[in-house]
1. Any idea how many residues of the range 54-93 are of a type outside the set (Asp, Glu) and under 19 Å from the mean Cα position of the chain (by Cα)?
2. Any idea which of Gly154, Gly204, Gly122, Gly218 is open to solvent by 40 Å² or more (accessible area, probe 1.4 Å), in a helix (DSSP H, G or I) and modelled with pLDDT under 55?
3. Can you pull out every residue in the range 34-62 that is surrounded by 19 or more Cβ atoms within 10 Å (Cβ to Cβ) and in contact with an Asp or Glu (Cβ under 7 Å, 6 or more places away or on another chain)?
4. Please determine whether any residue of the range 106-118 is modelled with pLDDT of 75 or more and touching a helix residue (DSSP H, G or I) at 6+ places or on another chain (Cβ under 9 Å).
5. Report the residue count in the range 69-81 for those that are buried (at least 17 other Cβ atoms within 10 Å of the Cβ) and more than 19 Å from Leu190 (Cβ to Cβ).
6. Can you say whether Tyr53 is in contact with a Cys (Cβ under 8 Å, 6 or more places away or on another chain), at pLDDT 80 or above and not hydrophobic (A, V, I, L, M, F, W, C), as far as the supplied structure shows?
Amino acid sequence: MDADPDPRTVRRVSVEPPVPEPADCVPSCEPITTRVSLSDGWLAVTPRQVLVYRTDRAPPLVTIPRPNVTSVAIRRSGDGPVVRYAPRVAAYGVVGILVGLLFGALVPAASVDIPQDSPAAGAFGFVTVLTGGLQLLGDAAILFGAVALVGALGALGYRLATGGNVVVVEVAGGSPVQCRAAAGGERRALRRIEDALAEPAGTGATGTTDVGTEREPGGTDSDADTSD
């Protein structure tokens with residue numbers, strides 16, 4: 001529900017448009033060979049093209065001519081900043097721990113007591129401050145390195161454990177189209193898509209071989225799709 005500054009409006013509710021069926025997105029003379037459900041939409045194959053509808057995209061519909069589809073696969077979802085940067089943060093954590101241990105190794109194991117009135121008291125005082133600083137830097141480096149290492153590995157493990165599978169449609173001469181697969185039945189859905197693509201592709205009304213494009217259902221094509 002959205003607030004409206006107009007005092008005449010008592011309440012305004014945003015209504016999500018219904019998800020269209022594949023038959024609503026193609027000409028009436030073009031049959032749907034197969035349709036599989038995705039976690040956020042569907043994927044359909046016709047004799048002329050492959051259609052991917054994703055509710056989390058704008059525009060949501062992607063159409064790819066059959067001659068341009070090189071392969072379809074189920075892959076583990078690995079996109080995202082956690083998967084990209086967690087290994088680097090973990091490596092920095094290991095380096096921080098090693099640097100902390102190196103600083104600790106430079107600190108003398110036992111201190112030497114020097115009388116205050118000794119000529120060497122000033123020099124040994126500087127050494128004491130230096131070793132104390134090294135000890136402090138070593139402890140801080142080990143602490144931050146351990147936190148970075150544990151945090152990065154924990155975030156990466158959680159991301160891999162909770163991340164689902166994605167359906168990847170490889171497009172010749174263009175970016176692959178990715179969409180989240182529905183939980184369970186991914187392999188069966190992949191076999192249905194492969195069987196449909198194994199059938200001879202029709203030329204359709206235009207016989208086009210352009211790269212897959214995004215469009216609104218029933219609208220005109222727009223810019224090329226980019227992967228997730």
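The values are calculated or read from the model by the stated rules, or taken from the named source; none is laboratory data. Keep in mind that this is a model prediction, so the values were computed, not measured. Backbone-built Cβ (ideal geometry, glycine too); neighbour counts: all protein chains shown. These accessible areas exclude ligands, DNA and RNA; they are computed on the full protein's heavy atoms, side chains included. Shrake-Rupley method; radii C 1.70, N 1.55, O 1.52, S 1.80 Å.
1. Looking only at that region, the number is 23.
2. Residue meeting the stated conditions: Gly122.
3. Across the range 34-62, the qualifying residues are Thr46, Arg48, Arg54, Leu61, Val62.
4. Yes, the conditions are met somewhere in the range 106-118.
5. 0
6. For Tyr53, the condition - in contact with a Cys (Cβ under 8 Å, 6 or more places away or on another chain), at pLDDT 80 or above and not hydrophobic (A, V, I, L, M, F, W, C) - is met.
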